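Note sheet for the following structure.
The values are calculated or read from the model by the stated rules, or taken from the named source; none is laboratory data. Here the structure is a predicted model, which is why all the values come from computation and not from measurement. So basically every Cβ, Gly included, is an ideal-geometry build from the backbone, and we count neighbours across all protein chains shown. Surface accessibility is based on the protein's heavy atoms, side chains included, excluding ligands, DNA and RNA. Shrake-Rupley method; radii C 1.70, N 1.55, O 1.52, S 1.80 Å.
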Amino acid sequence: MKLTVNGRFLSQRVTGVERYAREVLARCSDRTSVVSPERAMRGARGHLWEQSVLPALIGGDLLWSPCNTGPLVVARQVVTIHDCAFHDQPEGFSRKFAAWYQFLVPKLARRIRRIITISQYSRERLLDYCRVAEEKIVVIPQGVDGRFRPLPADVVAESLSPLQLPQRYVLFVGNLAPRKNLARLLEAWRIVGPRFPETSLVLAGATSQVFRTAGLAALPAGVIAVGYVPDEFLPALYCGAQCFVFPSLYEGFGLPLLEAMACGVPVLTSRVTSLPEVAGDAALLVDPYEVDSLADGLKQLLTDGALRLTLSRRGLARASSYTWERTAKATWQVLADEATA
């Protein structure tokens, strides 16, 4: 079987989509060849390379493009399309970015052999938006790396010392796109924070050139924005938190939920899009459009030790069923089937 991987993601900063591609590729790399730009190419240059240079480098191989886009001229291709946020939440992206994806993705989806997506929710949105046959889209959930696990308190303290965080904090991890709903989270913290002066809200994430600002210029008291946190700090960052809050308005999957659960941290998240599907009964679900709902959920988690313990135990069990090994195995089967078809 001859398989080439579209490796444009290898030159990009690791966020959710890139993490997925790296984790799956790491478990299939002995059976694939990877083609990537000689130097980092972001934005329009990266897409130009993908559309014009990449097709000439793959020969007759099946191409797997793991990060939402691929060359439109290559029909013998499998693409992982993670969600339809560019269509469903276009206000969260630059106009050029949203317009390019809205043009490309439906055409690509109809032309290629197979689509992999990461949740039933994303599958339903892709079917509705791209108008492809149901059997063309297969759902393969993401996984959690084994390094996300409960860590001893002394290891957590030592690992986090460079970040100089407070001893007690509620954690958010993600980019600062508007759909992450940080404006309402900050409003909720203005209500909750004064009741828990010994606890801070820590925002770990980075802005991106394709996202509009989330309006974080004036942070409420007790809120700490630490910016982009390198991968090696993330397990300890989760483990040190009192609870994890992820009030997103739109997710194709919501990998930070599973990472927090795998670390034994109780989770609060939204009851919309894919998040209830991923969280199951292992998280406290709230209405992300209602500030009072968010505030009540935070107060509940910060005051109810029994609830935190229950969610911690359920989260550990839930996360254990999502592994990158399972994701890679199922992905490889789809690719093998298409390569020999």
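Quick notes on this one:
- Using only side-chain charges placed at the Cβ, +1 for Lys and Arg and -1 for Asp and Glu, the dipole size of the range 4-76 relative to its Cα centre rounds to 200 debye.
- Straight-distance candidates among the lysines for linking to residue 299, with alpha-carbon spacing under 29 Å and chain neighbours fewer than 8 residues away dropped: 180.
- Summed residue charge, Cβ within 14 Å of residue 44's Cβ, Lys/Arg positive, Asp/Glu negative: +4
- Spatial separation of Cα centroids for the range 322-341 and the range 249-267, in angstrom: 23
- Cross-link partners of residue 329 among aspartates and glutamates, defined as those whose alpha carbon lies under 15 angstrom from its own and excluding same-chain residues fewer than eight positions apart: 23, 30, 145, 337, 338.
- As a length-normalised measure over Cα pairs under 8 Å and 6 or more apart, the relative contact order of the range 86-212 settles at 26 percent.
- Note on residue 135/residue 167: beta-carbon distance plugged into 1/(1 + (r/R0)^6) with R0 of 41 Å gives a FRET efficiency of 0.20.
- Average silhouette area of the chain, convex hull of alpha-carbon atoms, in square nanometres: 16.6
- Here the relative contact order of the range 55-131, from alpha carbon pairs under 8 Å that lie six or more residues apart, stands at 32 percent.
- Stretchable slack from residue 110 to residue 153, in nm (0.36 nm times residue separation minus alpha-carbon distance): 10.4 nm
- Cα-Cα separations in the range 1-150 greater than 23 Å, expressed as whole percent: 34
- Remark: the Cα gyration tensor places the range 241-324 in the oblate category, a/c being 1.5 or greater and a/b not exceeding b/c.
- Percent RCO, i.e. relative contact order, over the range 1-136, from Cα pairs under 8 Å lying at least 6 residues apart: 22
- With the simple spin-label model, which puts each label point 7 Å out from Cα in the Cβ direction, the residue 310 to residue 289 separation comes to 2.8 nm.
- About the centre of its Cα atoms, the chain shows a dipole size close to 780 debye [charges on the beta carbon of Lys, Arg (+1) and Asp, Glu (-1) only; nearest 20 debye].
- Residues of the range 62-96 with amide N under 13 Å of a point placed 7 Å along Cα→Cβ from residue 103: 72, 95-96
- Computed about its Cα centre, the charge dipole of the range 69-183 is approximately 580 debye, with only Lys, Arg, Asp and Glu carrying charge at their Cβ.
- In Å², nearest 10: area of residue 292 left accessible to a 1.4 Å probe: 100
- Max mean-square fluctuation residue, GNM over the chain, Cα-Cα springs under 10 Å, options 144, 226, 79: 226
- For residue 62, neighbours were defined as the other residues whose beta-carbon sits under 15 Å from its Cβ, and their charges (Lys and Arg +1, Asp and Glu -1) total +3.
- Of the residues 44, 315, 144, the one whose Cα sits farthest toward the positive end of the charge dipole of the chain, with +1 on the Cβ of Lys and Arg and -1 on the Cβ of Asp and Glu, is 44.
- Across 261, 41, the residue with the most accessible area heads the list, and the full order at a 1.4 Å probe is 41, 261.
- Within the chain, helix-based [θ] at 222 nm, where runs of 4 or more DSSP H residues each add -39,500 (n - 2.57), nearest 500: -11500 deg cm²/dmol
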